[in-house]
Amino acid sequence: MTKFAQWLWGLLLLGSVWAALTLGALGLELPSVCQEVLWPLPAYLLVSTGCYELDTMGYHVATFHDYEDTARELQSQIHEARADLALRGMRFW
């Protein structure tokens, strides 16, 4: 099963439980406090997930590693390639 299918099954399961509890399909009489918490729960979970993802992306951007040795090696290869192409008659601006 792909990861996408796993997420869909999870969302379907959570959505079904939420709908059954909020619409009273199970015949349970929940206190009004629980009903007030259950109705906005999907929006709360969506906002919480978005905040978590933004935090995760911000952390990875802030801790991005610089590869200075690799950058120097790449620059030297570019200079070698340009010198070789210049010998073959190609001009660079």
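Read the figures in this text as sums done on the coordinates, not as results from a lab. Given the structure is predicted, the values throughout are model-derived calculations rather than measurements. With ideal geometry, Cβ positions are generated from the backbone for all residues, glycine too; neighbour counts draw on all protein chains shown.
Each label point was placed 7 Å from the Cα along the Cα-to-Cβ direction; for Lys3 and Tyr44 their separation is 2.8 nm.
Shown in residue order for segment 57-65 are the 3J(HN,Hα) couplings computed by the Karplus curve 6.51 cos²θ - 1.76 cosθ + 1.60 at θ = phi - 60°: 5, x, 5, 5, 5, 5, 9, 5, 8 Hz (x for Gly and Pro). Rounded to the nearest 500, the helix-only mean residue ellipticity at 222 nm of the chain stands at -25500 deg cm²/dmol, with each DSSP H run of n ≥ 4 adding -39,500 (n - 2.57). With 10 Å bins beginning at zero, the pair-distance distribution over Cα atoms of the chain amounts to 12, 20, 18, 13, 11, 11, 9, 5, 1 %. Among Ala19, Ala43, Ala83, the residue with the largest mean-square fluctuation in a Gaussian network model of the chain, with springs joining Cα atoms closer than 10 Å, is Ala83.
Shown is the FRET efficiency for Leu30 and Ala62, computed with R0 = 30 Å from the Cβ-Cβ distance and rounded to the nearest 0.05: 0.10. The chymotrypsin sites (Phe, Trp or Tyr not before Pro) of segment 5-80 that DSSP puts in a loop, and whose beta carbon has at most 15 other beta carbons within 10 Å, are Phe64, Tyr67. Relative to the longest principal axis of the Cα atoms of the chain, the long axis of helix 68-87 lies at roughly 40 degrees. Stretching Leu85 away from Leu21 to a fully extended chain increases their span by 15.9 nm, per 0.36 nm per residue minus the current alpha-carbon distance. The angle separating the long axis of helix 3-23 from the principal Cα axis of greatest extent in the chain is about 30 degrees.
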